[in-house]
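The structure under discussion appears below in the form of structure tokens.
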Amino acid sequence: MEKTVWGIDPGSSICGVCELRNGLIGNVFECEPNKVYSRIMSNCGSHRGNIVIEDIFPFSNRLTPDVIDTCKLIGELTYRFNTTENVSLHLVPRNSIRNWIFKTVPDVVIPRVIARMEYMDKQRIKQGKRGLRDKEGKLYEPHFKYVDDRIVIAALKKLYNIPTPKPGKSNIFGLKDHSWQSLAVAAYFSHIGISTNENQ
């Protein structure tokens, strides 16, 4: 039986969407929030499967107009997909996705996390703030909270064997900006198969 997972990175102005069909990257696109539902439904046909939306949790974001609009979009998409036949809806927080990336591709992620922590440590010290070192001056242990978008992309390239294109060219799947994060959302669910919210 074909397994289809649609990952959605919701945004107040642009959303990223990526389809995994039997673990392989399928449709990839970015679009305006009001077109996400119709674009997915027009592309999935009878293979609707799982819809996985990156969710927002209060401890991870400041309450800005963009965050409020994104929350409204998540609510709208949740309702629309929950009332659509042959769809199983899942909401997952970004920190769960990044923790999974951190643990799944350590050879790619750990060196980059350490390099980022070292840079942040120097910047904080320059600003007169406390660095990222213990009392003995040793850098803190690598942690998934330091995984950023660039590290996520590097890990996904390894997981899905996506070559880096020549300067000025797009990658073979057309992934960019928000669609990279939507691939991370779909990949997380495809590998883990669980979520914080589920309707089946």
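The values are calculated or read from the model by the stated rules, or taken from the named source; none is laboratory data. What you are looking at is a predicted structure, and each value in this text was computed from that prediction instead of being measured. With ideal geometry, Cβ positions are generated from the backbone for all residues, glycine too; neighbour counts draw on all protein chains shown.
Flag: Glu54 matches the condition of being modelled with pLDDT of 90 or more, buried (at least 16 other Cβ atoms within 10 Å of the Cβ) and farther than 18 Å from Glu85 by Cβ.
Let's see how each residue does on (1) within 30 Å of Pro163 (Cα to Cα); (2) β-branched (Val, Ile, Thr):
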| position | (1), (2) |
| --- | --- |
| Gly11 | yes, no |
| Asn34 | no, no |
| Glu54 | yes, no |
| Thr70 | no, yes |
| Leu77 | no, no |
| Arg80 | no, no |
| Leu89 | no, no |
| Asn95 | yes, no |
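Considering every residue within the stretch 142-156, establish whether at least one is farther than 30 Å from Thr4 by Cα, assigned to a loop (DSSP other than H, G, I, E, B) and modelled with pLDDT of 95 or more. Checked against the condition, which is being farther than 30 Å from Thr4 by Cα, assigned to a loop (DSSP other than H, G, I, E, B) and modelled with pLDDT of 95 or more, the stretch 142-156 yields at least one hit.
Please determine whether any residue of the stretch 39-51 is of a type in the set (A, V, I, L, M) and under 21 Å from Tyr188 (Cα atoms). Yes, there is a match, as at least one residue in the stretch 39-51 is of a type in the set (A, V, I, L, M) and under 21 Å from Tyr188 (Cα atoms).
Checking each residue in the stretch 12-34 for being modelled with pLDDT under 95 and closer than 18 Å to Arg94 by Cα picks out only Ser12. Quick check on Arg98: is it among the basic types (Lys, Arg), surrounded by 16 or more Cβ atoms within 10 Å (Cβ to Cβ) and over 16 Å from Tyr188 (Cα atoms)? In short, no. Of the residues screened, Glu136 is not one that is surrounded by fewer than 19 Cβ atoms within 10 Å (Cβ to Cβ), outside any helix (DSSP H, G or I) and modelled with pLDDT of 95 or more. Every listed requirement among (1) among the basic types (Lys, Arg); (2) exposed (fewer than 13 other Cβ atoms within 10 Å of the Cβ); (3) within 28 Å of Tyr188 (Cα to Cα) is met by Lys158 save one, (2).
Here is a yes/no grid of residues against (1) of a type in the set (S, T, N, Q); (2) closer than 27 Å to Gln181 by Cβ; (3) out of contact with any helix residue (DSSP H, G or I) (no Cβ under 8 Å at 6 or more places or on another chain); (4) loosely packed, with under 12 Cβ neighbours inside 10 Å:
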| residue | (1), (2), (3), (4) |
| --- | --- |
| Pro111 | no, yes, yes, no |
| Ala115 | no, yes, yes, no |
| Arg130 | no, no, no, yes |
| Tyr140 | no, yes, no, no |
